[in-house]
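A quick write-up on the structure given underneath.
The values are calculated or read from the model by the stated rules, or taken from the named source; none is laboratory data. Not measured: the values here are computed from a predicted model. Neighbour counts are summed over all protein chains in view; Cβ atoms, including those assigned to glycine, are modelled from backbone coordinates with ideal geometry. Ligands, DNA and RNA are excluded from the accessible area calculation, which covers all protein heavy atoms including side chains. Shrake-Rupley method; radii C 1.70, N 1.55, O 1.52, S 1.80 Å.
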Amino acid sequence: MTRINTNVNSLVAQNTLNSSNRSLQQALTRLSTGLRINTGKDDPAGLIASENLRSDITSIKKSITNTDRANQVIATADSALGQVSSLLNDIRGLTTEAANTGALSDAQIAANQLQLDSSLQALNRIAQTTTFQGRRLLDGSLDFLTTAGTGFNTVSSLKIDQANLGATGQVNVAVNISSAATKAQITNTAIPSATAGAQATATLTFTDAAASATGNLTIATAAQQATGSVNYSTTAAAGLTITALGSGAAAGSIGAANGGIDVILADANTTPNGVDSVVYDANANTLTVTADLSSGNVTEADIATAIQASNGGADFTASAIGTAALAAGDAGTYADVTTGGQDAASNTIAITADPGVAGNNLTFAIAETNGNGATPTVTNSGNAYTIHIDDTVATSISAIATAIAGIAGVTSATTASTNSYDPTQDAPPGSAATLSGGAASGSDTISVTADNEGVNTHTITIQEAATGSTTPTAALDGSGNIVVTVDSTLTTSLNSIATAINNLSGYSATYHAGTGNHNYIGSSDTPPSAATLAGGVAASGGLDSSIVFEVAGSTGGEVLSFNAGTSIGDIVSAINAVSDATGVTAANNAGNLALSSTDYGSDAFVKLNVLSGDTNGTFAAGLDSTRATGTDVAATINGLQAKGAGNNISINTATLVLNLTVNDGSSTDVNFTITGGGALFQLGPDVVSNQQARIGITSVNTARLGGSSGQLFELGSGGSAALATNTTKAGRIVEQAINQVTSLRGRLGAFQRTSLETNKNALNDTLVNLSDAESQIRDADFATETAALTRAQILVQSGTAVLKISNQNPQNVLSLLQ
């Protein structure tokens, strides 16, 4: 059909050309980008797969970088640990050299010590300064953190090499011990029975007599005025009453010294019908009144007035007894007119109670009581006694002492005071007197033992001498007796006496506190009776024949020989003397010879071989074994069977690598929690715990290097393992420190090789495969795309030509119209 409105051929040609253009554009895009998939529409599924692979490739590349970084960290730590190992080897050499004391002088050993101290400082410096990008590696900051749980106090050492803390950031560790480690043991039950020896003993008994409780009741009394009267007339009512005031010219007249003033009346007519003068002589203690007595006009009132007015009234008061006039016959000296004066004083009553401790609780107080009279009375409330005195009448101090002496339990109450207590001016003591110092009779003892078994009849004697020291001395006299010398006036503790005896070779003494005062008081005690050692019995029996045998353990062997009759005790001592060389110790176990390894576990063993002697074969027959080994601890960690080696428990899993040592022979379960710490390395592409590694790097400073024998810092000057102190201990500590560092280096090296390097190799392989897969999906195949480009170009050219022809087809209609 011929049409002009719709050119179908042209439309078909247009569509075909458009399609060819799209193919051409796609070929050009792929060839220009080198990618098969440039947009999602190119290959939606392929795009998803490609993008996922590209994400994996990116993560893997970072994982490889992380692995390289971790490898660098470990390499840095290992390099520093190499220097630590070198220093430790130097220290071990110095320790071994210093043990050669027979050839080295003290100065040479001191020089070695200085070098060793420098090495210790270098170790601490390395521990603090080994860093990687600012992070310290060997100071313990990369070690794991733990929180102790039940049984953790039985752990002597803990080393956590690796732990996966998971999403919670912590992991609980439960160590369940089913059986404890044991030592290797051999027992010989056939050594002939021996009569056990006994050590001679003696006892010194120090006895203390009972002591009385004592105390002082102190009563303060004020000074009192002397008073009295003078009767100068035959008339009974005649005379004067005089009181010494104690001031003015008669200052100090209050008191006992002025209790007897002489009054002198002198007749003179210098002043007719009056008193001439009144003179007080304080030195002579006289009061002289001169008056016109013969006149008969001077009354006693005149005399009293004159006396009181003398010296401005400061010396005396006086009053007339009667009204009579004086006569010449009244003149004369009237001696000791005044009485009763006393000095101000602190009056003491010394009180003693019955011997014993009961008197220590007695107290004594003074109280004023209305109408009690001059004789004191006593009341009590339990052991508190109150002495009641009259509140209006003076009571003598001696009367108070007499009242106290009458109390039951008081053996004496004495006073030297002649004063009286005047209630108008004196006051009771502010506090009660309490007795103290009472003690019951008692005794303490010192037991003395002769160190060697056997008969010993020596004596122990205590003697006094003026040594001037509270430290006693003990010595043996010419007969072997013990003589202890204590000071004859000072106080010596009984414990120091026992110490002095202990310092003697061959003897030991023990102080036993009893009911005594625990001291020897030289000024009052008497030396105890001499004590004689007794009860010593010599041991007998032992081996029935001479024998030579070899004892061997994990550290070496020794050949020992014994004569017939040698006791188990001597055999034990000989074996223990070389235990450091053999690793075997001995003990007397209920009459049997028991040999044990010093170490625990299956590596520890005890071997005993009879080489010669033992004629009757008794010794060999009594052995339950000639070789025995110990057993390792058996335990599980978080339900997984752990490896036991002696008292050491270890486990190595993908999530936990640790090593702990429990106390010798402990069977207590242990629980603790790892709460953090460690160096965390991201080794895989996914941030999940099973693609991470967390390892612990312990500190290598001198306080952390060492083991069961001690820590490395103890080798420093003044330490317990210094070269001049204990080279044996020093050698053991250094050996354990070297093992600790080499173990750490080995663990880090293993982590480098088995974890980091293999991880990197695996990641590289994975990267190649993923990159290849991603390339297969996304990259353009140039051969294919070039062919597609050629095809598209041809199609576009032909399509263009065809479209041109199609567009010309409607013109053919014109030929029909011609």
Could you list all residues from the stretch 489-511 that are crowded, with 16+ Cβ neighbours inside 10 Å, of a type outside the set (Val, Ile, Thr) and over 31 Å from the mean Cα position of the chain (by Cα)?
Leu490, Leu504, Tyr507
Any chance Val670 is more than 28 Å from Ala80 (Cα to Cα) and at pLDDT 90 or above:
yes
Go through the residues of the stretch 118-134 one by one and say whether even a single one is farther than 30 Å from Val73 by Cβ, among the aliphatic types (A, V, I, L, M) and touching a residue at least 24 places away in the same chain (Cβ under 8 Å).
no
Based on this model, can you work out whether Gly536 counts as touching a residue at least 12 places away in the same chain (Cβ under 8 Å), surrounded by 14 or more Cβ atoms within 10 Å (Cβ to Cβ), out of contact with any Ser or Thr (no Cβ under 7 Å at 6 or more places or on another chain) and among the small types (Gly, Ala, Ser)?
yes
Pull up the stretch 794-805, narrow it to residues that are closer than 16 Å to Gln25 by Cα and in contact with a helix residue (DSSP H, G or I) (Cβ under 6 Å, 6 or more places away or on another chain), then point me to the one that is most open to solvent (accessible area, probe 1.4 Å).
Leu795
Just to check your reading of the model, which residue among Gly542, Gly557, Gly514 is at positive phi and open to solvent by less than 60 Å² (accessible area, probe 1.4 Å)?
Gly542
May I ask you to list the residues in the stretch 380-412 that are of a type in the set (A, V, I, L, M) and not in a strand (DSSP E or B)?
Val393, Ala394, Ile397, Ala399, Ile400, Ala401, Ala403, Ile404, Ala405, Ile407, Ala408
Which of the following residues is modelled with pLDDT of 70 or more, closer than 18 Å to Asp422 by Cα, open to solvent by 50 Å² or more (accessible area, probe 1.4 Å) and aliphatic (A, V, I, L, M): Ala220, Ala256?
Ala220
Among the residues of the stretch 735-782, which ones are farther than 27 Å from Leu680 by Cα, charged (D, E, K, R) and without any contact (Cβ under 8 Å) to a residue 40 or more places away in the chain?
Asp772
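Here's the yes/no breakdown for (1) assigned to a helix (DSSP H, G or I); (2) modelled with pLDDT of 90 or more; (3) in contact with a strand residue (DSSP E or B) (Cβ under 8 Å, 6 or more places away or on another chain); (4) of a type in the set (A, V, I, L, M, F, W, C):
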{"residue": "Ile109", "(1), (2), (3), (4)": "yes, yes, no, yes"}
{"residue": "Leu114", "(1), (2), (3), (4)": "yes, yes, no, yes"}
{"residue": "Ala122", "(1), (2), (3), (4)": "yes, yes, no, yes"}
{"residue": "Arg125", "(1), (2), (3), (4)": "yes, yes, no, no"}
{"residue": "Asp139", "(1), (2), (3), (4)": "no, no, no, no"}
{"residue": "Thr146", "(1), (2), (3), (4)": "no, yes, yes, no"}
{"residue": "Asn153", "(1), (2), (3), (4)": "yes, yes, no, no"}
{"residue": "Ser156", "(1), (2), (3), (4)": "no, no, yes, no"}
{"residue": "Ile160", "(1), (2), (3), (4)": "no, no, yes, yes"}
Would you check which residues across the stretch 698-735 are open to solvent by 20 Å² or more (accessible area, probe 1.4 Å), closer than 25 Å to Val662 by Cβ, at pLDDT 90 or above and outside any loop (DSSP other than H, G, I, E, B) and list them?
Gln711, Phe713, Glu714, Lys729, Arg732, Glu735
In the stretch 391-419, anything open to solvent by 30 Å² or more (accessible area, probe 1.4 Å) and over 22 Å from Thr363 (Cβ atoms) is listed as Thr392, Val393, Ala394, Ser396, Ala416, Thr418
Sole residue being closer than 28 Å to Val584 by Cβ and modelled with pLDDT of 90 or more, chosen from Ala645, Ala621:
Ala645
Considering each residue of the stretch 267-292, count those that are at pLDDT below 85, among the hydrophobic types (A, V, I, L, M, F, W, C) and closer than 17 Å to Ala318 by Cβ, and give that number.
1
Just to be sure, is Thr65 part of a helix (DSSP H, G or I), of a type in the set (Ser, Thr, Tyr) and within 22 Å of Gly746 (Cβ to Cβ)?
no
If I ask for residues that are closer than 20 Å to Gly409 by Cβ and outside any strand (DSSP E or B), which ones from the stretch 324-378 would you list?
Gly356, Val357, Ala358, Gly359, Asn360, Asn361, Leu362, Pro376
Leading residue by the ranking (most open to solvent (accessible area, probe 1.4 Å)) among those in the stretch 678-697 that are part of a loop (DSSP other than H, G, I, E, B) and farther than 30 Å from Asp599 by Cα
Val687
Return the pairs, sorted by first residue and then second, in which the second residue is open to solvent by 30 Å² or more (accessible area, probe 1.4 Å) and in a strand (DSSP E or B), the first residue lies in the stretch 361-388 and is closer than 21 Å to Asp422 by Cα and in contact (Cβ under 8 Å) with a residue 40 or more places away in the chain, the beta carbons are less than 6 Å apart, and the residues are 6+ apart or on different chains.
Phe364/Tyr385; Ala365/Thr386; Ala367/Thr386; Ala367/His388
Looking for something in contact with a Phe, Trp or Tyr (Cβ under 9 Å, 6 or more places away or on another chain), crowded, with 20+ Cβ neighbours inside 10 Å and not charged (D, E, K, R) - is there at least one such residue anywhere in the stretch 369-384?
no
Which of the residues that make up the stretch 25-79 are under 30 Å from Gln797 (Cα atoms), among the basic types (Lys, Arg) and either at pLDDT 80 or above or open to solvent by 60 Å² or more (accessible area, probe 1.4 Å) (or both)?
Arg36, Lys41
Exactly one of (1) out of contact with any strand residue (DSSP E or B) (no Cβ under 7 Å at 6 or more places or on another chain); (2) modelled with pLDDT of 90 or more is unmet by Val551. Its number?
(1)
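When you check Gly601 against the structure, is it open to solvent by less than 40 Å² (accessible area, probe 1.4 Å), modelled with pLDDT under 95 and within 13 Å of Thr189 (Cα to Cα), yes or no? Break it down into steps so the answer makes sense when it comes.
Working: open to solvent by less than 40 Å² (accessible area, probe 1.4 Å): yes; modelled with pLDDT under 95: yes; within 13 Å of Thr189 (Cα to Cα): no.
Considered against the rule, which asks whether it is open to solvent by less than 40 Å² (accessible area, probe 1.4 Å), modelled with pLDDT under 95 and within 13 Å of Thr189 (Cα to Cα), Gly601 comes out as no.
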Can you pull out every residue in the stretch 741-761 that is over 13 Å from Ile695 (Cα atoms) and either among the polar types (S, T, N, Q) or open to solvent by 50 Å² or more (accessible area, probe 1.4 Å) (or both)?
Thr742, Ser743, Arg753, Thr754, Glu757, Thr758, Asn759, Lys760, Asn761
Taking the condition of being closer than 20 Å to Ala750 by Cα and either of a type in the set (Phe, Trp, Tyr) or over 33 Å from the mean Cα position of the chain (by Cα) (or both), how many residues in the stretch 645-672 meet it?
7
